[in-house]
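Asks: Sharing a structure below in structure tokens format, with a few things to ask.
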Amino acid sequence: MSDFVLFLVFVSACVFICCLFKSDKRTPEQKRIDDAADAAKNAEINRKLLIDTYGNLNPVMICPHCREKGHTRTKEVKRKKGVSGAKVTGAILTFGVSMLATGLSRKEGLTQAHCDNCGATWDF
């Protein structure tokens, strides 16, 4: 039994050492090309993520926090804003059935802005 355990430890050590000294067959120029391609792909992914999250850049808008122009993104959003009187009335008249479909809060259309320079996000 102990010979088998010793054999497993020896094989594991050999595999570990082989993994440490495994050489990369790419040339330095190929490594630079691959790294540049990875960086470009990551930059494109980050750009798409920013557009999906905060919207497109608004080149004329000035950030009220850092006073920089051209770094602000804007996007139309809907936010819940209080209780709608009409929905409460409808819920009373339908004995609460309409509340299941529409809820009580009203939604208001706003513009969300985000500054890439200072990271501030606000609605107006």
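Asks: Quick one: Arg26 ticks every box in (1) modelled with pLDDT of 80 or more; (2) assigned to a loop (DSSP other than H, G, I, E, B); (3) surrounded by 10 or more Cβ atoms within 10 Å (Cβ to Cβ) bar one, so which box is it?
Replies: (1)
Asks: Sticking with this one: Given the structure, is Ala86 within 30 Å of Gln112 (Cβ to Cβ), out of contact with any Ser or Thr (no Cβ under 7 Å at 6 or more places or on another chain) and at pLDDT 90 or above?
Replies: Here the answer is no, as Ala86 does not meet what is asked.
Asks: Let me ask you something else. From the residues in the range 98-124 that are farther than 18 Å from Gly85 by Cβ and among the hydrophobic types (A, V, I, L, M, F, W, C), which one is modelled with the lowest pLDDT?
Replies: Looking at the filtered set, the residue picked out is Leu100.
Asks: Among (1) part of a helix (DSSP H, G or I); (2) touching a residue at least 12 places away in the same chain (Cβ under 8 Å); (3) over 16 Å from Asp116 (Cα atoms); (4) within 31 Å of the chain's Cα centre (by Cα), which single condition is Lys41 missing?
Replies: Of the numbered conditions (1) part of a helix (DSSP H, G or I); (2) touching a residue at least 12 places away in the same chain (Cβ under 8 Å); (3) over 16 Å from Asp116 (Cα atoms); (4) within 31 Å of the chain's Cα centre (by Cα), the odd one out for Lys41 is (2).
Asks: Please enumerate the residues belonging to the range 53-89 that are without any contact (Cβ under 8 Å) to a residue 40 or more places away in the chain, of a type in the set (Gly, Ala, Ser) and either part of a loop (DSSP other than H, G, I, E, B) or farther than 17 Å from Phe124 by Cα (or both).
Replies: Result: Gly70, Ser84, Gly85, Ala86.
The values are calculated or read from the model by the stated rules, or taken from the named source; none is laboratory data. No experiment lies behind these values; they were computed from the predicted model shown. Heads up, the Cβs are rebuilt from the backbone with ideal geometry, glycines too, and the neighbour counts pull from every protein chain shown.
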